[in-house]
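None of the figures in this text is laboratory data; all of them are computed from the coordinates on show. What you see is a predicted model; the values in this text were computed from it and never measured. Cβ coordinates were reconstructed from backbone atoms using ideal geometry, including for glycine residues, and neighbour counts include every protein chain displayed.
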Amino acid sequence: MNQLSVNDLTETQDLLELRTFAYDILRRVFLAEPTKEVVTQLQNGIIDSFPFKDENMKLNEGIEQVSNYLKTFTIDKNFEQLHWDYTRMFIGPYQVPVPIWESAYVNKDGLLFQEETLQVRRLYLKNNLLSMQFGREAEDHLGLELDFMYHLSNLLTDLVKEENVEQLYKTVVDQNSFLKEHLLNWTPQFCEKVSISADTGFYKGMAKILNGFLLIDKICLEELLARTKQ
Amino acid sequence: MSNFIKKAMEQKLSRKAFLGWSAALTTAAVVPSYGLKQIDSKAAAEQLEEEGKWVTASCWHNCGGRCLNKAFVVGGIVTKQKTDDTHKDSPDYPQQRGCARGRSQRHQVFGADRIKYPMKRKHWEPGGGKKELRGRDEWVRISWDEALDLVAEELKRVKSKYGNESILGTSRLINHYGGGLVRWGSSSSGAWGKPQEHMTGFFSWSANDRMDWRNAKLIVMWGSNPAWSSAGSPTYNLLQAKKAGAKFIFVDPQISPSMKTLGDQYIPCRPGTDAALLIGMAYHMIENNLQDQDFLNRCTVGFDKDHMPEGADPNENFKDYVLGTYDGIAKTPEWASEICGTNPAVIRDFAQQIATTKPMIFTSSFAPARTYRGQQFCQAFLTVGWMTGNVGKSGAGVWTNNYASNQSYGGKTLVRGGGRGLPPVFNPLFPSVTYGAYDGYRFGKPKNTDFHGMAYTETYDAILNNEYHATVRGKVPCDIRMIWLIRDGSGYNYLNQSSGIMKGIKAFRKVDAVFTNDIALSTISKYADIVLPATTEWEKEGMIKSGNPEAIIVTKKVIEPLFEARTEEWMDRELAKRIGLNPDEVYPINEKQQLFNSLAGAQVIKADGNDYEALVTITAKDIKNWGVDGKPQKGKISLEELVEKGSFQVPRSPNDNFTVIQGEAFVKDPIANPLTTKSGKLEIHCQSLSDDIAAYGFTTIPPIAKYEPPVEGVEDTYKDWNKKIKGDYPFQLYTIHYARRSHSVFDNVPQLREAFPQEFVMNKRDANELGLKDGDTVLIESRHGKVIRPLFVTETMMPGVVTLGEGAWVEIDEETGIDKAGATNTLCGTHLSGQGEEPWNTTNVRVEKYKGKALLPDAEWQQRIIF
C-alpha cells in the first residue's frame, strides 16, 4: 500500500457492511413479489434496524411506516393483500400505475429494452455480472439495479479485506456513477408514483426508504471516493 | 473525518441485525431466483464486444402495405429501425418504405404494456365464476403450468359436457380436437364477393398492370383513400399516372388525404347512396346516348331488353329501370340528388366526363360496399363502368381493387413465396374451411347444409339467444359455452372489430370461458378469463411476407421471446399433450423447416413474362447450417444474400414483358374467350347473384342494379323523408381506416396516438348549428351505443355526414356506459345483410356537447399494462 493506510481502509468496513445490508433489503423488496420468509424477517425487527434511520427524514418516515404496517401484519390475514399490492403496481393488474424499469422513465418513448437497458447491461458485464433472466427481463428493472449495487457493495467489503486498493477505488467509482447516472435519475419519480398508488403502508414506506437511503448513499459514496483515492 | 464512515461504526444495532438477517435467510435458503449472477470475465468480455447488426424485422400487419423494416439489434436489444435502402428509389422501381406504423414497430414490441406472463381473471373458475366481472375484474399472474392446465381442463370439460358445437372459435389445435363454430361473413371486402363471383367471374378483381395506369386520361377513385388505407407505394404509383397526364376524380363523403394529394375534382356522395348516384349518372348517359352500345351488346347481358340472359324477364333490364319505363320513376340526376346529396349538374357533368373521356380507369374501393344491402353499389358500379366500354384496353378498366395491397398494382404476381409445408387441418364442423382469423371470411356457399356457425354480426345474438340463421336451413339452436382465441397472432380482435360492441360485452359475460393469447391487452383479451403471453413476429423464426405483386419480404427472428412470451405453436403443442393429442401430429414440422420450405419453394417470373423459376439458390451447406431437410437447388439469389437483404423485388420498366391488360382477349372475342360467369359474359342482369344472396336469408336484391334505401341510410336520419323532417339520429356516420393503426393493431402506441388523435369529424355548418366548436368533447350516440371524442370541424366534410376512424380500443366507463375511446363498433349495429357483410358505413348517430369531464388527449392516457 502506498498513500493509504490500512487503518483508513478498515475504518470503512462497517459502512460497507451496512450499505450491503441496506441494498440487500431493498433489492429483495423490489426484485419480485414478496415472499413470506423475507416479510417475516422484516417483521422480526429487521426493518427497525435499517441503517442511518436518523440521517434522513424521508428514510425515518419510511421506516416508521413499514414498521407500523408490520405491527398488525399477519401472514394469514395480510400476506395476500401485500402480494397483490406489488403485483398490481409493478406487474399487473389492469393498468400498471408504476412501471418498474428505468427506461420507462428516462427513454423518451417510455419503452422497455432500450438504449438505457443496454447501458445498464454493459455496466453489469464490466463487473462480470449477468441477469439470470437475460433477454426475458430488462436489466434496468429496479430490482436488478439494486441487486447490482448490492453485489458491488459486497465486493467492496471483500476488496477491503484483500487490501486491493486499485480495484477498490475503481469499484467505488463505478458505484458512484451508477447511483448518480441511473438509480437517482429515475427513482425519485418512481417513489412518487408508489406513494400515490400503493395500497399498503409497506410499499408506501419502502418507497420512502428507497428514496431516503439512496440520497444518503450518495454522500457515503462521495466519502468513500475521498477515502479510497490514492 | 467523514461523517458516515464514523456514523457506521456507531450503528451497532444495525450491524448486529444484518448478521441475523443474513443468517436467517441463508438458513431458509431464500436465494432470489431473479437477479444478477457472476459469470467469468471472458464470457462477459465477449458480450461487451458485440457490436450489433441490422436484421430484417417483420412488419406483419393487415394494413394494406408490405414494406421493408429493419431493426438494429445489439444483444437482443433493438436500438433503432430503418426501412428499405436495398436499392435506389425510382418511380419504376420504388423502394418499399415504411409508414408511421411500421416505424413504430419497436414501440409495439417493447411497449411496457406487453403481456409478460400468463394471467387469470381473479374471479374466474371452471364454469365461469363471476362472469359479470369480465372486463372489470382484477388479474392474477399464474405460472405457465397452471395456465395450461386450467385451459386444457376447461376445454375438456366443455367438449365432453356440451360438445364441440359449444366452442366458438377455431385453431389448428381445435380442429384436431373436433372443431368449433365458425364466425363467417364479409368484413374487408363488404358486399363485393358475390357480385364479383356472379357478375364477372372475378374478372373485375384484377386490374391492368400499374405501368399501364400511366396511359389513362381519366382515373375515377370511388370511395378510395390509398394514402391512408394502402400506405406504402400505391399513392406514389398513382402519382406517376397523374404526372403522365391522367385527371383524377374522387367520389367520397369527404375530401380525403388522397384527394388532396392526387385529385383534380371532388364529387361528394352520402354514405350508402352510391348506387343512387351511379344510376343517376346512367340516366344522363342513356338520355344522351353516350353508352358504348357495341361493347354492351358484345360483352354483357342485361343492359336492355334485346340483350337479356336466357330465361330472364325482358322487362327487367337495366335501361328500362333507369328510364322508369315500367315503374314510372325516371332515375334522373334530380332523383339521385335527393338521395345522394350531389348536385344534379355535377352528376351530369361527371357522367359526361366518364362517358366521353377515353381511355378511363373506373376503380372503387371496398368501402361503399360495406353498407347495408351493399351489393346494390357493386351492381351499379360495374354496370355504369361497363356502359363506358372501358374494358380490356390500354389505360382503361373497370374494377375494384382486390384488397389494399393491390391498389394501383394489378398485373401478374412477379415473385412469390412457397408453401410452408404445414398440412391444412379442416374444421370438422365447417367443411372445407381451415382455421385462423379469416376462417369464415366470405363464406360463399349458402346452399350448404353441413356447416356450423353464424354471421359475424349475429355472433352475440347467437350467444345471448341460443340460436342463429343457418342460411337455407333457417334458424338452428345453439349453446355457446366457450370462446376460443388461442390462435396465430394476427391481431384478430373481433369484440372490438365487429359491429355491436355493447351487445358483444353482454355476450362475453354470458359464456363459461374466454381464452386468448395476446401481445398486449387488446379488447378481446380485456374481456377474457385467461390470457397467455404471445410472442410478436419479431420473436419468431421468420417468414416470407407478400404484399404488392412485385416484391417479397423475408423476415428473421430479431430477438428471443421477451419475458414469458411463447409462440402459438408452443402453446398448441403444450395444450395438445394435456388434452390427449399428439403434438407432433398437430405440428409435424417445426417453424424453422416451415420458413425454409417457403424459401425453397419461392418463385420468380422469367424475363419472358410467362414462366416462373426457382428464386433461391440453396446449397448442401445451407441445408446443414439451417438444420433442416431439403435438396440443393439453383435460383437467382443465394439463400444467404436473400436473408441478409431481406427482400426480393423485381425491377420494372415501362417496356418490360410484365405489363398486363386485363380482359384484352375477352373483349376482342368474347365468344372464343368466355368468362366463368353463367352466360360467359359480364352480367348486368345476374339472376344467380340474386338467388345466392336470397339463400343467405338476410336481405334480397334484384338481378339488376336498383337503389333501395338501406337500414340506417340517409332516409333513416329523417322522421319524415318526404317533408324532410330530421329524426332522432340525424347524422350519417361512416368509418374510415385510420392512419394511427392497422385496424385495431397499434392503437396502444402512444406516439401514434399523439400523431393521430382519433377526432370525430363534422362539417362546420353542422357544428355551428349545434353550438359546437373545434376541440369540444362531444357525445355521439347511435341506436346501439355511445362514445365521446374530441371534435374536429371542417368544410371538407359533407353536411349531414360525420366520420370516425375504425379500430380504437373500446374503453367503457362502467358508470355511464360511454366508450371514451370512440370505437366505431360501439356505434354500429349488428344488422344482418346480404352475404353477412358488416354494414359499417350505414350507421345513424346524433351529436351533442358532452356535459361530463372533457377528454384528455389519447396520447396522455395510461396504457393497458398487465402482466
Per-residue Cβ contact counts at 10 Å, fewest first, order A:H182, B:H198 as A:H182, B:H198
Once the in-chain neighbours fewer than 8 apart are removed, the lysines whose Cα is under 18 Å from B:K447 read B:K194, B:K475, B:K678
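Okay, helix-only estimate at 222 nm for chain B: each DSSP H run of n ≥ 4 adds -39500 (n - 2.57), divide by all residues, round to 500 deg cm²/dmol; what do you get? Present the calculation step by step, with values, prior to reporting the outcome.
Working: 30 runs with 240 residues, N = 867.
Taken over chain B, the calculation gives -7500 deg cm²/dmol.
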Under the rule rounded for a/c under 1.5, else prolate if a/b exceeds b/c, else oblate, using alpha carbon gyration tensor axes a ≥ b ≥ c, the stretch B:1-156 is classed as oblate
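What is the gain in length, in nm to one decimal, between B:D691 and B:Q47 on full extension, counting 0.36 nm per residue of separation less the C-alpha to C-alpha distance?
225.1 nm
Rounded, prolate or oblate: which fits the stretch B:80-216, taking a ≥ b ≥ c as square roots of the Cα gyration tensor eigenvalues, rounded meaning a/c under 1.5, else prolate when a/b beats b/c? Show your work: numbers first, answer last.
Details: a/c = 3.24, a/b = 1.56, b/c = 2.07.
Oblate, since a/c reaches 1.5 and b/c is not below a/b.
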Put in order of increasing Cβ neighbours within 10 Å, starting from the fewest, A:M206, B:M9 give B:M9, A:M206
On the formula 1/(1 + (r/R0)^6), with r taken between the Cβ atoms of B:E153 and B:N466 and R0 of 22 Å, the FRET efficiency rounded to 0.05 is 0.35
Under the Karplus relation with 6.51, -1.76 and 1.60 and θ = phi - 60°, whole-Hz ³J(HN,Hα) for the stretch B:110-122, x at Gly and Pro, equal 9, x, 5, 8, 4, 7, 9, 9, x, 9, 10, 5, 4
Here, B:E814 and B:D306, labelled 7 Å along Cα→Cβ, have an inter-label distance in nm of 7.2 nm
Looking only at lysines whose Cα falls under 22 Å of B:K159's and that sit 8 or more positions away or on another chain, we get B:K120, B:K130, B:K131, B:K510, B:K577
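Does chain A classify as rounded, prolate or oblate by the C-alpha gyration tensor (a ≥ b ≥ c root eigenvalues; a/c under 1.5 gives rounded; else a/b over b/c gives prolate, otherwise oblate)?
Numbers: a/c = 2.06, a/b = 1.37, b/c = 1.51.
Cα axes put chain A in the oblate bin.
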To the nearest 10 degrees, the tilt of helix A:75-90 (Cα long axis) against the first principal axis of the alpha carbons of chain A is 70 degrees
Ratio for chain B, C-alpha Rg to 2.2 N^0.38 Å, reads 1.01
Expected unfolding gain across B:L13-B:T26 under the 0.36 nm per residue rule, minus the alpha-carbon gap, is 2.7 nm
To the nearest 0.05, the calculated FRET efficiency linking B:E585 and B:D488 through their beta-carbon distance, R0 being 22 Å, is 0.75
Number of Lys pairs in the stretch A:156-230 closer than 27 Å at Cα, excluding neighbours under 8 places apart unless interchain, is 18
Quarter of the surface of the C-alpha convex hull for the protein assembly as shown, i.e. direction-averaged projected area in nm², equals 46.8 nm²
With Cα coordinates, the longest principal axis of chain A makes an angle with the long axis of helix A:165-178, in degrees rounded to 10, of 30 degrees
Quick calc, B:Y34 & A:Q167: beta-carbon distance into FRET formula, R0 35 Å, rounding 0.05, result 0.85
Filtered hits (aspartates and glutamates, Cα-Cα < 15 Å from B:K706, offset >= 8 within chain) -> B:D274, B:D304, B:E316, B:D320, B:D327, B:E683
For peptide A:50-56, the mean count of other chain Cβ atoms within 10 Å per residue Cβ is 4
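Would you tell me the mean number of C-beta atoms belonging to other protein chains that fall within 10 Å of each C-beta in B:747-759, as a whole number?
So the per-residue partner count for this stretch is 1.
Find how much the distance from B:D450 to B:D264 grows on full extension, using 0.36 nm per residue of separation minus their present alpha carbon separation; answer in nm with one decimal. If you can, show how the numbers build up before the last one.
On the way: separation 186, 0.36 × 186 = 66.96 nm, distance 5.14 nm.
Between B:D450 and B:D264, full extension yields an extra 61.8 nm.
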Quick calc: nm separation of the 7 Å Cα→Cβ label points for B:Q633 and B:A672 -> 3.6 nm
Computed over chain A: longest principal axis from alpha-carbon atoms vs helix A:142-162 long axis, angle to nearest 10 degrees, is 30 degrees
By Cβ neighbour count within 10 Å, fewest first, B:F658, B:F318, B:F110 rank B:F658, B:F110, B:F318
Placing +1 on each Lys and Arg Cβ and -1 on each Asp and Glu Cβ in the stretch B:552-666, then taking the dipole about the Cα centre, the residue among B:V660, B:G609, B:Q633 whose Cα reaches farthest towards the positive end is B:Q633
Reduced to Cα centres, the span from the stretch A:179-229 to the stretch B:597-665 in Å works out to 58 Å
Placing each pseudo-label 7 Å from Cα in the direction of the beta carbon, B:D145 and A:N7 end up separated by a distance in nanometres of 5.9 nm
Across the stretch A:27-152, qualifying lysine pairs (alpha carbons under 28 Å, at least 8 places apart or different chains) come out at 7
The stretch B:147-161 and the stretch B:480-512 have their Cα centres apart by a whole-number Å value of 18 Å
